[in-house]
Amino acid sequence: SAWCEFNLLSWMREERQSRKLILVIVFIALLLDNMLLTVVVPIIPSYLYTVDDAAANMAKNHTVGSPHSPSATFQTIVSLYDNSVRVTSGGPMDSTHMPPGQTQATSPSTSGVTPHNSTQPDCPKADDQLLNENVKVGLLFASKATVQLITNPFIGPLTNRIGYQIPMFAGFCIMFLSTIMFAFSSSYTLLFLARSLQGVGSSCSSVAGMGMLASVYTDDEERGNAIGIALGGLAMGVLVGPPFGSVMYEFVGKTAPFLILAVLAVLDGALQLFILQPSKVEPESQKGSSLWSLMKDPYILIAAGSICFANMAIAMLEPALPIWMMQTMCPRKWQLGVAFVPASISYLIGTNIFGVLAHKMGRWLCSLIGMVLVGVSILCVPFAKNIYGLILPNFGVGFAIGMVDSSMMPIMGYLVDLRHVSVYGTVYAIADVAFCMGFALGPSTGGAIARSIGFPWLMTIIGIVDILFAPLCYFLRSPPGREEKMVRRDETRTSYQLTHKGTHGWLTFKHKITNIFFYIRYTFYSV
């Protein structure tokens, strides 16, 4: 075993900075980042509802019991089953004459969610408190994307100056800290802060990772394949996160899934230290196009819009779907996360298939079909009557988003090569901004819309938006090259013509005479 370990370390030293190992590191970074992104999806709505419900009942019982029953006592019972806090009120002995020391655990004054056995579903009452969770959960989920949206314009130019290695490792450190905060935070404020801090780490990891892949995979087809594999890590994180979080929360507790992610993050950081050597500053050899010049490019804006609106669909589902299921389906806690499994599996399938196929069929066409399929699938979600009815619509949503992401991420690098300077940090910062806008506007506005007009109308709005945006992808069919390059080529041709003006005919005649001479000499020697 020691010999095998030595051989492994020797191979890793020899293969350091190889394209395959860089792809593995980016894959793992996106996997862990998106596991942390989605592991909270089934945990936070149920956890916040339990905490808020216990606090509301405690305040209500205290208000009712304090003025009239000075001797009333309150006992808090921590339920190891679902991490909820229950408040049990007791007062002076009345006509029931309960024995001394016996707790009124079964009295009507017991507050909190009634404990249930493993065969009973979670059926919270559909009151204003549950509807208000749409807004709170939506804002908490959107905080990560909002902070990432603000950070990305700074990370992109920073990678052009110092390279991709240091921001990549900084993203790992910040993500590890955010994971620890999630594990031990019990208040909404601390959870909000942990989610926001994750946005900074995600910005560093995603921008630096995608830029690194685009710089080492220079061929357009190879780049598309590599980015498709890296997005498979994103898909795997989205796939594993919700069921992993819901099962661990149901049977172990809130802290366990985040501690496991923290251990995995440490292993990823060790791999980055060994392979990438993030202490080195490696700026780009040429100055890239400015952020403003890329933002003015209409073709880049269309590609970014496709990423934004496609991912906004799943971003609106994340906070609103569990609460809608709690209102209409009475699911178990683990079912809140399992409902997202079809979308995660199909996203993994879509990114791997169309990472290769999109280059052959046309990335614009792949994205157009994906946008339409996102819209149609999202319109079908509210028609589900139980968790089994969500399988097909969620599968279609994930598969279609995989089509869009695996097409538009490579085309962002292609547009930079075609129309700008081939430095990729800034353009992938724009791509990540588009991704974050979807995950910032989706939960924040989606929660408010779901509260005001209902979940079905929310799905209708985003579905129609995706379908209406789809035809714009046609403009990416054959984007023109950059104007500066065409002007420079014309200037070079004009300069050549002016330099050889008057001699061009003579040079052509001389060239023909030379060819005739060599032909006669070759014929003579052959004879």
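The values are calculated or read from the model by the stated rules, or taken from the named source; none is laboratory data. A quick note: this is a predicted structure, and the numbers were derived from the prediction, not measured. Cβ atoms come from the backbone with ideal geometry, glycine included; neighbour counts cover every protein chain shown. For accessibility, only protein heavy atoms count, side chains too; no ligands or nucleic acids. Shrake-Rupley method; radii C 1.70, N 1.55, O 1.52, S 1.80 Å.
A quick yes/no check of all residues on (1) crowded, with 24+ Cβ neighbours inside 10 Å; (2) modelled with pLDDT of 85 or more:
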| residue | (1), (2) |
| --- | --- |
| 195 | yes, yes |
| 198 | yes, yes |
| 202 | yes, yes |
| 205 | yes, yes |
| 215 | no, no |
| 238 | yes, no |
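The C-beta contact set for segment 434-457 (first residue among the basic types (Lys, Arg), second residue part of a helix (DSSP H, G or I), distance under 8 angstrom, 6+ apart or interchain) comprises 451/131; 451/132; 451/134; 451/135.
Taking the stated definitions as given, is residue 415 out of contact with any Phe, Trp or Tyr (no Cβ under 7 Å at 6 or more places or on another chain), among the aliphatic types (A, V, I, L, M), surrounded by fewer than 23 Cβ atoms within 10 Å (Cβ to Cβ) and assigned to a helix (DSSP H, G or I)? For residue 415, the condition - out of contact with any Phe, Trp or Tyr (no Cβ under 7 Å at 6 or more places or on another chain), among the aliphatic types (A, V, I, L, M), surrounded by fewer than 23 Cβ atoms within 10 Å (Cβ to Cβ) and assigned to a helix (DSSP H, G or I) - is not met.
Does segment 348-368 contain at least one residue that is more than 30 Å from residue 159 (Cβ to Cβ), part of a helix (DSSP H, G or I), at pLDDT 90 or above and touching a Ser or Thr at 6+ places or on another chain (Cβ under 9 Å)? So far as segment 348-368 goes, yes, one or more of its residues are more than 30 Å from residue 159 (Cβ to Cβ), part of a helix (DSSP H, G or I), at pLDDT 90 or above and touching a Ser or Thr at 6+ places or on another chain (Cβ under 9 Å).
Considering each residue of segment 298-331, count those that are open to solvent by 30 Å² or more (accessible area, probe 1.4 Å) and either among the charged types (D, E, K, R) or within 17 Å of the chain's Cα centre (by Cα) (or both), and give that number.
Just the residues of segment 298-331 that are open to solvent by 30 Å² or more (accessible area, probe 1.4 Å), to begin with: 298-299, 301, 309, 327-330.
If we keep only those that are either among the charged types (D, E, K, R) or within 17 Å of the chain's Cα centre (by Cα) (or both) too, we end up with 309.
Number satisfying all stated conditions: 1.
Check segment 330-351 and report whether any residue there is free of Cβ contacts under 8 Å to residues at least 24 places away in the same chain and of a type outside the set (Gly, Ala, Ser). For segment 330-351, residues free of Cβ contacts under 8 Å to residues at least 24 places away in the same chain and of a type outside the set (Gly, Ala, Ser): absent. Of all residues in segment 372-414, those satisfying the criterion of being over 21 Å from the mean Cα position of the chain (by Cα) and among the hydroxyl-bearing types (Ser, Thr, Tyr) are 388, 414.
Return a yes/no flag: does segment 470-492 have any residue that is under 15 Å from residue 317 (Cα atoms), at pLDDT 85 or above and crowded, with 23+ Cβ neighbours inside 10 Å. Can you show your working first?
Keep residues of segment 470-492 that are under 15 Å from residue 317 (Cα atoms), which gives none.
No, there is no match, as no residue in segment 470-492 is under 15 Å from residue 317 (Cα atoms), at pLDDT 85 or above and crowded, with 23+ Cβ neighbours inside 10 Å.
Restricting the first member to segment 206-227 and to residues that are not assigned by the TED database to the domain that holds residue 352, and the second to residues that are among the basic types (Lys, Arg), no beta-carbon pair is closer than 9 Å while six or more apart or on different chains.
For residue 261, are the conditions met, namely being under 20 Å from residue 356 (Cα atoms), of a type outside the set (Gly, Ala, Ser) and buried (at least 22 other Cβ atoms within 10 Å of the Cβ)? No, not satisfied.
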